[in-house]
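A short worksheet on the structure shown next.
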Amino acid sequence: PNVALGWSADQKLLHAYDARTRQPAAWPSRADSLSMLRGVLAFAFLNPGFAAALGCIYALFGLLALGIGHLYAAVVALIVATASFQDYTRRQEGSRARVKLLSLLNGAAHSLAFVGLVEVFLLIAPLAPNEPVTNAAMLLAWLALAGGAVAGTLFGIYLYVSSRWLDIGHVDAFSAMRRDSHRHFLRLRIKGDEVTVYPIGLARTPRRNEWRGNPAPSPAEPSAFVSDPPLEAQLIETPFVARATDQPLA
């Protein structure tokens, strides 16, 4: 059978549009989302493993710089980084002009960061005369450690800018923050040929140590585990009804 969808007529429930602003309703609110998005600027600290991997890539460019010079290695870094970001981003966002431009700017930022790190090393490192192997090892270690922090921070800035202003990479930006909040699910009520769908949200989810065994399961609270403090579920969108029908939909 066909399925007809209809919005609930209950005026007490939440609506698809905010009654004050007439803008599309959102949960969490746009202001809250933008506030949370700033957390991705700490990407290097929230994702140390990924930052360390980026640092190793910087060290590989440093190894190349030992043979051809760090300015030429920076050109290679620009090409490799731009191509990598372009390939990564287009898989989710397509090959739009803004994706290509963002990839180029991203590659340029990492290339300049690489040059800057090498120049800082040459200024402050206690280079040993006639010890090229020791000097090279110190350079690579510097690029791996400092480069990881810098590259991770640049990646966080990229996620912030692309999500905040370019409408790109929202999932990556928020998943990178490992937030344990604002979960949502659908509650279904089946009655005859109708299914009422209730979008439910949890602004705060229980921590691991906040779960307890349910001492007295009941029809109203049949779960084997309950949280302390209790869950504070809320309706985040207008429920809608799906009805089965044998008639073709108009």
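When you scan the range 29-59, how many residues do you find that are over 20 Å from HIS170 (Cα atoms) and touching a helix residue (DSSP H, G or I) at 6+ places or on another chain (Cβ under 9 Å)?
Here is the first cut: in the range 29-59, the residues over 20 Å from HIS170 (Cα atoms) are 48-49, 52-59.
Checking the rest, the ones that are also touching a helix residue (DSSP H, G or I) at 6+ places or on another chain (Cβ under 9 Å) come to 48, 52-59.
Counting residues in the range 29-59 that are over 20 Å from HIS170 (Cα atoms) and touching a helix residue (DSSP H, G or I) at 6+ places or on another chain (Cβ under 9 Å) gives 9.
Within the range 190-231, work out how many residues are of a type outside the set (S, T, N, Q) and surrounded by 11 or more Cβ atoms within 10 Å (Cβ to Cβ). Walk me through how you get there before you give the answer.
Kept after step one, since they are of a type outside the set (S, T, N, Q), are these residues of the range 190-231: 190-195, 197-204, 206-208, 210-213, 215-217, 219-222, 224-226, 228-231.
Now drop any that are not surrounded by 11 or more Cβ atoms within 10 Å (Cβ to Cβ), which leaves 193-195, 197-204, 206, 210-212, 217, 226, 231.
Residues that pass the stated criteria total 18.
Can you find, within the range 178-189, the residue that is nearest to the chain's Cα centre (by Cα) among those that are assigned to a loop (DSSP other than H, G, I, E, B) and surrounded by 10 or more Cβ atoms within 10 Å (Cβ to Cβ)?
Among those that are assigned to a loop (DSSP other than H, G, I, E, B) and surrounded by 10 or more Cβ atoms within 10 Å (Cβ to Cβ), it is ARG179.
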- Qualifying positions in the range 37-61 - over 18 Å from the mean Cα position of the chain (by Cα) and β-branched (Val, Ile, Thr): ILE57
- Which condition number in (1) surrounded by fewer than 14 Cβ atoms within 10 Å (Cβ to Cβ); (2) closer than 30 Å to LEU71 by Cα is the one that LEU112 fails? (1)
- Within the bounds of the range 118-131, is there any residue that is modelled with pLDDT of 95 or more and surrounded by 17 or more Cβ atoms within 10 Å (Cβ to Cβ)? yes
- Return yes when HIS170 is crowded, with 17+ Cβ neighbours inside 10 Å and more than 30 Å from LEU63 (Cβ to Cβ) and no when it is not. no
- Yes/no for HIS184 being at pLDDT below 95 and under 30 Å from GLY116 (Cα atoms): no
- Query: Is the range 33-51 home to any residue that is touching a Phe, Trp or Tyr at 6+ places or on another chain (Cβ under 8 Å) and free of Cβ contacts under 8 Å to residues at least 24 places away in the same chain?
  - Reply: no
- Task: Pick out the one residue from ASN106, ASN130 that is in a loop (DSSP other than H, G, I, E, B) and assigned by TED's automatic domain parsing to the domain that holds LEU63.
- Result: ASN130
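The values are calculated or read from the model by the stated rules, or taken from the named source; none is laboratory data. Just so we're clear, the structure is a prediction, and the values are computed from it rather than from any experiment. In this analysis, Cβ positions are derived from the backbone assuming ideal geometry, glycine residues included, and neighbour counts consider all displayed protein chains.
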